[in-house]
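A.B. asks: My questions all concern the structure below.
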Number of protein chains: 2
Amino acid sequence: MQNQSVIRRRDLLALIGTIAGSSAMYQAMTSLGFASESAYKGPLKLAGDVKGASVLILGAGLAGMTAALELRKAGYKVQILEFNNRAGGRNWSIRGGDSFTELGGFKQTCQFEQGLYLNPGPWRIPYHHRALLDYCRRLNVTLEPFIQLNHNAYLHATRAFDGKPQRFRSIKADFQGGVSELLAKVSQQGRLDEFVSKEDQEILLQALREWGALDRDYKYNANLRSADVRGYARDPGGGLMGDPLPSDPISLQELLRSRMWRYVQSFAHYDFQTTMFQPVGGMDMIGKAFAREVGDLIRYNAKVTQIQQNGSGVTVSYVDTASPSAVQQATADWCICTIPLPILSQLPVDVSGPMKNAIDSLPYAASVKVGLQFKRRFWEEDEAIYGGISYTDLPIRNIGYPNYGFNRGGRGVLLGAYLYEGANSFEFTAMTPAERVASAVEFGAKIHPQYKSEFENGVAVAWHRVPFTLGCSGEWTEAGRAQHYRNLCQIDGRIALAGEHASQLPAWQEGAILSALDAITRLHERVVKT
Amino acid sequence: MQNQSVIRRRDLLALIGTIAGSSAMYQAMTSLGFASESAYKGPLKLAGDVKGASVLILGAGLAGMTAALELRKAGYKVQILEFNNRAGGRNWSIRGGDSFTELGGFKQTCQFEQGLYLNPGPWRIPYHHRALLDYCRRLNVTLEPFIQLNHNAYLHATRAFDGKPQRFRSIKADFQGGVSELLAKVSQQGRLDEFVSKEDQEILLQALREWGALDRDYKYNANLRSADVRGYARDPGGGLMGDPLPSDPISLQELLRSRMWRYVQSFAHYDFQTTMFQPVGGMDMIGKAFAREVGDLIRYNAKVTQIQQNGSGVTVSYVDTASPSAVQQATADWCICTIPLPILSQLPVDVSGPMKNAIDSLPYAASVKVGLQFKRRFWEEDEAIYGGISYTDLPIRNIGYPNYGFNRGGRGVLLGAYLYEGANSFEFTAMTPAERVASAVEFGAKIHPQYKSEFENGVAVAWHRVPFTLGCSGEWTEAGRAQHYRNLCQIDGRIALAGEHASQLPAWQEGAILSALDAITRLHERVVKT
């Protein structure tokens, strides 16, 4: 036609300066600072002559495999000993047909339908975990969003609202509305004058009205304005279906006493802010991707029994789990040990007193996850809950809805319980797997009555009974960290530790990777210097 | 092993009652109300003898195709006339190679890389749009999350913070922190005593501390507690990388004056709450899915020129857009007209005065969207922004980041401007497409300086210049709706209107579908009754 306006960069240059802005527009631009706040500075570069040095890595989890990948690239001779018959460690997904035997001998064989899974360990990746995200990119792990905040999921408290679950959106809106109304009232009565100028109070009132969904008189009431945040009694429709109807807010008093406000910030913490991710197909896609790179270095089914070192190298004794009587040995110049501390603390290890104390002093969190398969995704079909988490004060604490296969019908697996610390975690750990599953169904049915007719099968992982970790993750206290953390992370002779326990990000995969990168960076400095 | 605990439903039954709960646990369950609040009551059932009746549908957008699908299923003879050479209407995605000519003759041919697209019309689907979601499921449209709230995206105001964009998380956290500190202070000074009991104020203080990230003295300060919501100066790392460092909050005064709080609730409105969706591959996957069902009923390139009716039927005149001189006619017993009102109001239409007044009285929103392709996804790589929206007071208003292809590198297309109403929308509409794109790049570079070196090409759609709508969507006022809405939606003789304009959900695809379902339900009642 008359004006074929294909717009390319070169066309743009002709237009710039003539449109919508002065030349001053660019002034501030170059001074904008967008530096990453992450401890991760991009792919590791270990330059220098490694002089044929060898490194023995204990554990093929993310820390161990990160170390292996980078050390081999830098020229080291690398070997990994791994207890399991698979790589990944806590980076783990359970699918139909998978078997797992926990401490005590209880064996479960998962019966999930093909394509469904439970991530018993890590299940989400924050946007600021730059190292993990970079490895996902380099190793071609496809990601999809993990929904942390679902406004339509439930908050549930046994003793509030007759035990009836409330929608997250309503509690959040009513809390903001109640708080805003209160502060607006105080402002209008002149009681803020000594703290905030009159001018700023005018702006504050505008902000509170917007942010609390208040009406013109700064009241939080049942009307279409509050319905627009807390939800409607009847949604807007089409044609002559009828006008939308507002819903009734919960009073601030009732809300405060319900304690449901405890959950309202769950999504706002740095670790849980949007945008979060999960690998398409299960968290273990990451472990498998690492194993594609370094699998040839791994000796599986190798249970470490002793770690010795002297001035010239490291000797590690291990047995094959299938023939535990025959002790074998592996040697190297250096050792990166990622064995979880509850196991490492039980082994004879040649390290200095301070490191040994650190190893022995860190308790691991008791965590339990239960995966439940249902005949249909009733949470989506009946309740319009797509992904995200419902919170309850029942022992199960969380119900996590699957963040894949949305809106397509069919079976679904949800996270029926996620216990983390507290007495209930230990209670659930003490149960048999079958009891854990039954209990998760029993409790969950208080929130979703459909459980009773739709439940099919389940699996349950209690981390204190997982043979390859004996706990979920390092549970640091402030005092414990002050006393032991540096000693844990120092290179001790020829041995360095790595893993989430040796990081400021316990329980996170990013912590495992960053600790490995930090440990091998320091080790490499020693190697090239000597 | 000794205890093969495969857990099935039948096993569960044996365990229930023995574990973790009294029989009273179930009492409240059956009384839990989970009724859908949606106006959609599930798949339409049009029962009864339609007596061979025929329906002519004008427009093959979502309203028209919904009507066609359901009416044919109920036994009607159905035909659709469609102006475009494709189905879908505003349900539309633009990809590389697509051409589009707007009013004024400007033709654009999109140069996006394969796999990248812009949705110039609707781009997101709320979880409570039950009808649309049900059609997506029935028609096998795969969905993925649409990220509305991204804590790491930017808020930008030209005159605040020297024009430097702020992270959403920081503004949100600082607003909540400042408000909470203020209210806590007032409470501690006894100034809430007449509104809230002392007991409840104790709970309120706990809630404010939690929700505002206040310290033990109810102050909002730079510390690791506020860093955990607003972000760190240095993130927690691994090994001996160094301790995490807090960042400095913005004072409530500066925050109030910045006006950035205006954006903080953007994600909390019912229409934008999690979980939102988009079809995998582009919004037009929905239109294409409908067209797979009813495409055989559509006559494309048919421009309606007149709509007549009498007591026995409807006659619609139209021309083929390729040979506009030859007027053709289609007849039927009934007509469902989904033609957008800016076009319909210009046609001779045989309807009563009140409906005609309604048709003539509804203005359509001026909306402009600009899609920009960049050489690399710098917003992800440099700035850790994955999906979601940055907000600015610049004319472009929104920068929308793609919610697909996360973390994989390569080129990306973002929404470089989304203007909706206001003077800037008309300014952008008055520009040539090339100028719109240039302007979006110019303004966007104030937020992302990388624009200047990474930009490749763009497309721009100004809805007032889109020939098949002449506007974005019905812009109802409260007064206008009170006067005209019922008249617009009543069946007028043998003609009923449908589309987002005939709904309480203007601009939403759900409104189009619900209005069609409502119109044909009422029409069908007439047919089976007579």
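All of the numbers you see were taken from the coordinates with simple rules; none came from a lab. No experiment lies behind these values; they were computed from the predicted model shown. Glycine also receives a Cβ, built like all others from the backbone with ideal geometry; neighbour counts cover every protein chain displayed.
A.B. asks: Using the 7 Å Cα-to-Cβ label point, sort the distances from A:Asn85 to its equivalents in the other copies shortest first and give them in nm to one decimal.
C.D. replies: 6.1
A.B. asks: While we're on this one: Most exposed first by the Cβ proxy, i.e. fewest other Cβ within 10 Å, how do A:Glu478, A:Glu293, A:Glu421 rank?
C.D. replies: A:Glu478, A:Glu421, A:Glu293
A.B. asks: Here is a follow-up. Sum -39500 (n - 2.57) across every DSSP H segment of at least 4 residues in chain A, then divide by the residue count to get the 222 nm mean residue ellipticity, nearest 500.
C.D. replies: -9000 deg cm²/dmol
A.B. asks: Let me ask another. Take every Cα pair under 8 Å in chain A that's 6+ residues apart, average their separations, divide by the length, and report that relative contact order as a whole percent.
C.D. replies: With pairs under 8 Å counted, the relative contact order is 20 percent.
A.B. asks: Still on this model: Could you tell me the calculated FRET efficiency between A:Asp243 and B:Lys185, based on Cβ-Cβ distance and R0 = 45 angstrom, to the nearest 0.05?
C.D. replies: E(calc), rounded to 0.05, equals 0.60.
A.B. asks: Mean separation of Cα pairs under 8 Å and 6+ residues apart, divided by the residue count of the stretch A:408-530: what relative contact order is that in percent?
C.D. replies: Reported as a whole number, the value is 14 percent.
A.B. asks: Using +1 at the C-beta of Lys and Arg and -1 at the C-beta of Asp and Glu, which of B:Gly238, B:Phe168, B:Gly178 has the Cα lying farthest in the positive direction of the dipole of the stretch B:166-259?
C.D. replies: Comparing the listed Cα positions along the dipole, B:Phe168 ranks first.
A.B. asks: Also, quick follow-up: Pairs to check: B:Lys288/B:Lys375; A:Lys45/A:Lys303; A:Lys288/B:Lys375; A:Lys369/B:Lys172; B:Lys164/B:Lys185; B:Lys41/B:Lys73. Give those whose C-alpha atoms are more than 26 Å from each other in this structure.
C.D. replies: Violating the 26 Å Cα-Cα cut-off are B:Lys288/B:Lys375; A:Lys45/A:Lys303; A:Lys288/B:Lys375; A:Lys369/B:Lys172; B:Lys164/B:Lys185.
A.B. asks: Assume the label is 7 Å from Cα along Cα to beta carbon: what separations in nm does A:Leu224 have to the matching positions in the other copies?
C.D. replies: So the label point of A:Leu224 gives 4.9 nm to the other copies.
A.B. asks: Another question about this same structure. Going by C-beta contacts inside 10 Å, put B:Val527, B:Val459, A:Val186, A:Val441 in order with the fewest on the left.
C.D. replies: A:Val186, B:Val527, A:Val441, B:Val459
A.B. asks: Running Debye on chain A with equal point scatterers at the Cα sites and no solvent, what base-10 log of I(q)/I(0) appears at q = 0.08, 0.09, 0.10, 0.12 Å⁻¹?
C.D. replies: Relative scattering, expressed as log10 I(q)/I(0), comes to -0.66, -0.80, -0.94, -1.16.
A.B. asks: How shielded is A:465-475 by partner chains, expressed as the average number of their Cβ atoms within 10 Å of its Cβ atoms?
C.D. replies: 0
A.B. asks: Under 8 Å for C-alpha pairs, at least 6 residues apart: give me the relative contact order for the stretch B:166-259, rounded to a whole percent.
C.D. replies: Dividing the mean separation by the residue count of the stretch B:166-259 yields 32 percent.
A.B. asks: Going by Cα centres, the stretch B:180-228 and the stretch A:231-299 are how many Å apart?
C.D. replies: Using only Cα atoms to place each centre, the spacing works out to 26 Å.
A.B. asks: Can you give the mean number of other chain Cβ atoms that lie within 10 Å of the Cβ atoms in peptide A:229-236?
C.D. replies: The shielding value for this peptide is 6.
A.B. asks: Over 5 Å intervals from 0, what percent of Cα-Cα pairs in the stretch A:166-259 sits in each interval?
C.D. replies: 3, 14, 22, 19, 16, 12, 8, 4, 2, 1, 0
A.B. asks: Fewest Cβ neighbours within 10 Å first, please rank B:Glu181, A:Glu102, B:Glu510 accordingly.
C.D. replies: Ordered from fewest to most neighbouring Cβ atoms within 10 Å, B:Glu181, A:Glu102, B:Glu510 come out as A:Glu102, B:Glu181, B:Glu510.
A.B. asks: In addition: Angle check, please: helix A:509-529 long axis (alpha carbons) against the longest principal axis of chain A (alpha carbons), in degrees 0 to 90, nearest 10.
C.D. replies: The two axes meet at around 40 degrees.
A.B. asks: How large is the Rg to Rh ratio of the stretch A:119-276 when both quantities use alpha carbon positions and Rh follows Kirkwood?
C.D. replies: When Rh is taken as the Kirkwood radius, the ratio is 1.08.
A.B. asks: Determine the shielding of peptide A:105-111 by partner chains: average, over its residues, the number of Cβ atoms on other chains within 10 angstrom of each Cβ.
C.D. replies: 4
A.B. asks: Compute the angle between helix A:198-212 and the longest alpha-carbon principal axis of chain A, please, reported from 0 to 90 degrees and rounded to the nearest 10.
C.D. replies: Here the helix axis deviates by roughly 80 degrees.
A.B. asks: As a test, work out the antiparallel percent of DSSP beta bridges whose residues both lie in the stretch B:260-406, rounded to the nearest 5.
C.D. replies: 95
A.B. asks: Just the number, please: percent antiparallel of the DSSP beta bridges in the protein assembly as shown, rounded to the nearest 5.
C.D. replies: That works out to approximately 75 percent antiparallel.
A.B. asks: Related question: Just to confirm the number: angle between the C-alpha axis of helix B:284-294 and the first principal axis of chain B, 0 to 90 degrees, nearest 10?
C.D. replies: Rounded to the nearest ten degrees, it is 30.
A.B. asks: Let me ask something else about it. Once you place label points 7 Å from the Cα toward the Cβ at B:Arg234 and B:Thr158, how far apart are they in nm?
C.D. replies: 3.9
A.B. asks: List the distances, in nm and shortest first, from the label point of A:Gly105 to the matching label points in every other copy, placing each point 7 Å from Cα along the Cα-to-Cβ direction.
C.D. replies: 8.9
A.B. asks: Which ³J(HN,Hα) values, rounded to whole Hz and listed in residue order, are derived for the stretch B:184-191 from phi using the Karplus coefficients 6.51, -1.76 and 1.60 in 6.51 cos²θ - 1.76 cosθ + 1.60 with θ = phi - 60°, glycine and proline given as x?
C.D. replies: Result, rounded to whole Hz: 5, 4, 4, 5, 5, 8, x, 7.
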